[in-house]
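All of the numbers you see were taken from the coordinates with simple rules; none came from a lab. These numbers come from a predicted model, not from an experiment. Every residue, glycine among them, receives a Cβ derived from its backbone with ideal geometry; neighbour counts consider all protein chains shown.
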2 protein chains.
Amino acid sequence: MVRKTKENAELTRQAIIHAARAVFLVRGVSRTTMEHIAAEAGVTRGAIYWHFKNKIDLFHAMREQVFLPLIDRMDDTLLVEGSDSPLRNIENFLMGTIQILNESIETRQIYEIMMIKCEYVEDFSDVLQQIISNCSGITAKIALTYERARLKGELKEGLNPEQLAQDTNLFFTGLLHMWVKDASGTRFRQQAADLIRFHMQLRAK
Amino acid sequence: MVRKTKENAELTRQAIIHAARAVFLVRGVSRTTMEHIAAEAGVTRGAIYWHFKNKIDLFHAMREQVFLPLIDRMDDTLLVEGSDSPLRNIENFLMGTIQILNESIETRQIYEIMMIKCEYVEDFSDVLQQIISNCSGITAKIALTYERARLKGELKEGLNPEQLAQDTNLFFTGLLHMWVKDASGTRFRQQAADLIRFHMQLRAK
DNA sequence: ATATATACATACATCATTGTATGTAAACAA
DNA sequence: TTGTTTACATACAATGATGTATGTATATAT
């Protein structure tokens with residue numbers, strides 16, 4: 001059984017991505033070898049090199065499975081016109097992200113890999129640029145939503161939407177990082193919702 | 001020149017730590033070999049294995065040089081009794097940390113290594129626990145200071161010091177991460193001070 | 001029905017890395 | 001002054017990892 005159908009080949013590709021995630025998680029990206037991934041996926045390195053150019057290529061494929069949906073959801077949650085409570089939209093977006101982390105093992109593990117099991121050097125260093133620009137994209141959309149909240153009179157007086165968005169973005173960046181690092185769950189994972197609510201109350205009228 | 005005096009040996013030790021920092025920064029911790037470090041330090045692997053058990057041991061030695069002073073400074077800045085503005089103390093602590101990152105190449109590089117050039121797996125995974133507990137220590141001290149601020153009437157009404165501290169801690173965690181990733185400096189490094197001021201104004205009366 | 005491209009598995013050559021074992025000259029203690 | 005320990009350098013043995021080259025059976029196109 002050497003040559004497979006297209007559907008079978010796609011299954012193999014997915015199996016390799018899943019295997020990579022599993023191995024990255026326990027060994028870290030750098031210490032993971034193609035042989036590790038192949039063994040986990042039940043194939044040989046030949047299969048991996050057929051589907052992916054090298055480890056980075058595989059890494060990017062894994063990353064996309066989580067980040068493309070994130071962008072979509074953000075647009076759906078934040079950029080809806082004519083919402084009666086933009087502030088709620090922001091809160092819902094943050095809550096939704098946490099909820100996804102809670103529900104999706106896949107997403108959770110990929111976040112963990114990207115945050116504490118990957119070294120951003122050499123070929124990986126350009127991922128940082130993507131993260132930064134991604135981040136400013138998020139901030140911009142949050143800022144827009146804060147501006148709408150201001151027009152609706154939801155905000156305390158004298159608060160600059162742009163600065164609010166930056167503060168929220170940094171808060172959430174920190175929360176995600178601590179959420180991921182808090183494997184025991186006692187410190188941050190359980191209270192994430194409370195932290196978000198408090199953060200939003202700070203700026204609500 | 002084989003056997004050196006104690007002072008000379010200590011210099012060698014420091015040279016190895018410095019070299020490790022330089023190499024970790026460009027190659028990442030995992031991809032860095034003892035030979036790389038030895039070459040950078042102008043010694044052989046023999047010297048490194050004499051002073052350090054292995055790469056982790058060396059990593060911890062490097063880390064301590066930055067984090068022991070941090071704890072001291074935090075205590076000095078936050079836990080001063082009878083300050084007339086606890087809120088200012090918190091702001092000064094955050095500002096001071098950023099200032100140190102700006103001024104000390106060594107500190108900056110070690111933060112960068114720990115945040116985006118190290119994979120927390122296997123032997124390194126217990127560092128995460130240290131970070132978490134370190135973090136809750138910081139939050140506790142900030143909470144204490146917020147409580148003092150509340151007693152002095154510096155805070156807006158109805159704000160819980162503990163929650164404020166958590167929010168501040170997450171904000172600052174996020175800021176440090178973005179500060180480090182923002183190598184160009186344009187996004188976060190230049191406006192860090194403004195972001196901190198805004199964050200503090202959000203809770204000041 | 002045959003040719004060709006596909007989806008892998010296998011084999012190969014090369015280089016990198018680790019820990020330790022051993023060597024050694026100078027510092028230090030007695 | 002003579003051990004003895006220190007502070008390394010050198011040598012060794014074993015293993016791991018990469019990328020590519022090659023093999024091959026089957027799906028698919030014509």
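Let a ≥ b ≥ c be the square roots of the eigenvalues of the Cα gyration tensor of the stretch B:101-190; is it rounded (a/c under 1.5), or, if not, prolate (a/b larger than b/c) or oblate? Oblate shape, in that a/c is at least 1.5 and b/c is the bigger or equal ratio. Among the residues of A:18-28, the average count of other protein chain beta-carbon atoms within 10 Å of the residue beta-carbon is 2. An ellipsoid equivalent to the stretch B:1-52, defined through the eigenvalues of its Cα gyration tensor, has semi-axes of 21, 10, 8 Å when rounded to whole angstrom and sorted largest first. Whole angstrom only: what separates the Cα centroid of the stretch B:166-205 from the Cα centroid of the stretch B:1-78? After rounding, the separation between the Cα centres reads 30 Å.
Put simply, the Cα atoms of the stretch B:56-142 extend 46, 26, 18 Å along their principal axes, the longest span coming first.
Does anything in the stretch A:124-142 have its amide N under 19 Å from the 7 Å Cα→Cβ label point of A:Ile56, and if so which residues? In the stretch A:124-142, the label zone of A:Ile56 (backbone N under 19 Å from the point 7 Å along Cα→Cβ) covers A:124-134. Modelled spin labels at A:Arg197 and B:Asp194, positioned 7 Å past Cα toward Cβ, are 3.4 nm from each other. Using Cβ point charges alone (K and R +1, D and E -1), the dipole size of the stretch A:140-205 about the Cα centre works out to roughly 140 debye.
For peptide B:113-120, what's the mean number of Cβ atoms from other chains within 10 Å of each residue's Cβ?
6
The residue list A:Pro86, A:Ser125, A:Phe198 was ranked by how far each Cα lies along the charge dipole of the stretch A:73-205 toward its positive end, using unit charges on Cβ atoms, and A:Phe198 comes out on top.
Within 10 Å, Cβ to Cβ, of B:Asp123, how many net charges do the neighbouring residues add up to if Lys/Arg are +1 and Asp/Glu are -1? The answer is -2.
Placing +1 on the Cβ of every Lys and Arg and -1 on the Cβ of every Asp and Glu, with no other charges, gives the protein assembly as shown a dipole of roughly 520 debye about its Cα centre. Take the Cβ atoms of B:Leu144 and A:Asp72, set R0 to 60 Å, and the FRET efficiency comes out at 0.90. Pairs exceeding 30 Å between alpha-carbon atoms, taken from B:Lys53/B:Lys141; B:Lys141/B:Lys181; B:Lys53/B:Lys117; A:Lys141/B:Lys152; A:Lys156/B:Lys152: B:Lys53/B:Lys141; A:Lys141/B:Lys152.
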